Amino acid sequence: MKITVRYFAGLREQKGKASEELSVPEVACVRELYSHLFPDDKVGRMPVMYAVNHAYVSGDHELSEGDEVALIPPLGGG
């Protein structure tokens, strides 16, 4: 199935792009997608919030054809 992934803040810098379209297995959850895109052994994963189709979801949310996934890391400021 095809989904769109949108990257924000530091994740966008790591990927070098704001978004991409991907093909993923039919049974995939958003946490597995994040682990696949940012494996621990490469750059280390930062904690993120997940949103699917403009709504925040938990990591075990199952993905469906055409979903738009946003990976949102914490933002610093002051």
| query | VAL57's amide H: which non-local residues (gap 5+, or another chain) put their own amide H closer than 5 Å, with H modeled 1.01 Å from N in plane and none for Pro or chain starts? | reply | TYR50, ALA51, VAL52
| Correct option for Rg and Dmax of the Cα atoms in Å [calculated from the coordinates] among (1) 30.5, 84; (2) 12.0, 42; (3) 12.2, 37 | (2)
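FYI, it's all coordinate maths here, none of it is from the lab. The structure presented is a predicted model; accordingly, all values stated were derived computationally and were not measured.
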